[in-house]
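Take a look at the structure set out below.
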Amino acid sequence: MLQVSNLYVKYSVGKNIKVNAINDVSFSLDKGDVLGIIGETGSGKTTLASAIMRILPDSAEVKGKIMLDNLDLLAISKKEFRTKIRWKKISIIPQYSMNALNPIKRVGKELTEIVMEHEKVSEEKAVNRVLSLFKDLNLPEEVFFKYPDELSGGQRQRVVIASALLLNPEVVIADEPTTALDVINQARVLNLLRNKVISASRILIYITHDIAVVAGLANKLMTLYAGRIMEIGSSEKMFKNPLHPYTQGLLSSVPDISNGKPVHISYIKGDPPDLTKEIKGCPFYPRCPLAMDICKEEFPEPVQIDDRLVYCHAVRKDAK
């Protein structure tokens, strides 16, 4: 089980200037859960993933708890996290694959070393495991012997995906994992995640702008805005009947082309807030069609409707 409680992340970006990137985020996931996280650029999706993986820059201040089973991941040393948790218990497929690979190592050697550092297996078995994943990802065997800068963007991305799945971790965080891939290889990656993570009853956190992919993959959905959760719960119910105005805006921005009729593309008016300034109330208030005076002054407590939580004064008022 993965449980995030009252997580805050701040970045120092100058003298006495801090960015409030994550604000009081809490959620829990059980084995077999697939959480899709959606939100506009800058909403805090990658920061949340990086906080769980403990790969934030030194300028970041982190408060809260991140529990994996009974272990507080923020309380252990960096060395213990690196040797016992990262890759083995939790892994990440980062958004930018070029930064994730060692430029002076052949990719096959780097991935083989990951296996041998964490498991007592022979080099031959480690190599075979890497090559097996390469085959699943439609990577030719010669990629094993190449350096990262000799690969295409799509090949690098698939190598990084292979590295994240090598040790069969309990939690896999996928941050825009198919961005650099063509449609065929996107399908391969999604099938691999289904087979290696979901079917094995592990936890998958899938961060994306591709709402259609999340609809077919996730059983839970989170909408994140300005570092705060707006709505979280059953993906099926949120897609059928989104309750938070922000969730409604995000989902309505995806055009429906299935009926062959002219498409009207809607969008959320306005811009996200300046996160270097304190926001007393709901950060979505200036853009919200249902905004009330209280929204400017107080961030709402969550209201539970069926099996989801909605952070919205207007929804709470309607639910009474």
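The values are calculated or read from the model by the stated rules, or taken from the named source; none is laboratory data. In this text, all values refer to a predicted model and were calculated from it rather than measured experimentally. Glycine also receives a Cβ, built like all others from the backbone with ideal geometry; neighbour counts cover every protein chain displayed.
Here are a few things to note about the model shown:
- Between ILE66, ILE76, the distinction of being in the same structural domain as ALA218 (by the TED database), in a loop (DSSP other than H, G, I, E, B) and either closer than 30 Å to ALA212 by Cβ or in contact with a helix residue (DSSP H, G or I) (Cβ under 8 Å, 6 or more places away or on another chain) (or both) belongs to ILE76 only.
- Some residue of the range 13-29 being in the same structural domain as TYR225 (by the TED database), farther than 24 Å from PRO300 by Cβ, among the acidic types (Asp, Glu) and modelled with pLDDT of 95 or more: no
- Checking each residue in the range 275-292 for being at pLDDT 95 or above and of a type in the set (D, E, K, R) picks out only ARG287.
- Checking ASN138 against (1) part of a helix (DSSP H, G or I); (2) on the phi > 0 side of the Ramachandran plot, the condition it does not meet: (1)
- Criterion: in contact with an Asp or Glu (Cβ under 9 Å, 6 or more places away or on another chain), assigned to a helix (DSSP H, G or I), at pLDDT 90 or above and surrounded by 10 or more Cβ atoms within 10 Å (Cβ to Cβ) - qualifying residue of MET222, MET238: MET238
- Pairs, first under 8 Å from GLU231 (Cβ atoms) in the range 308-320, second among the charged types (D, E, K, R) and not in a helix (DSSP H, G or I), C-beta under 6 Å, six or more apart: VAL310/GLU231
- Scanning the range 158-172 for residues that are part of a helix (DSSP H, G or I) and not aliphatic (A, V, I, L, M) turns up ARG158, SER163.
- Scan the range 152-161 for residues that are out of contact with any Ser or Thr (no Cβ under 6 Å at 6 or more places or on another chain) and surrounded by fewer than 24 Cβ atoms within 10 Å (Cβ to Cβ) and the total you get is 4.
- Candidates SER28, SER50, SER77, filtered to the one that is surrounded by 15 or more Cβ atoms within 10 Å (Cβ to Cβ) and among the polar types (S, T, N, Q): SER50
- So MET230, is it in contact with an Asp or Glu (Cβ under 8 Å, 6 or more places away or on another chain), of a type in the set (A, V, I, L, M) and either in a loop (DSSP other than H, G, I, E, B) or at pLDDT 95 or above (or both): no
- Scanning the range 157-190 for residues that are more than 28 Å from GLY42 (Cβ to Cβ), among the charged types (D, E, K, R) and in contact with a His (Cβ under 9 Å, 6 or more places away or on another chain) turns up nothing.
- Flag for SER132 being under 30 Å from LEU73 (Cβ atoms) and touching a helix residue (DSSP H, G or I) at 6+ places or on another chain (Cβ under 6 Å): no
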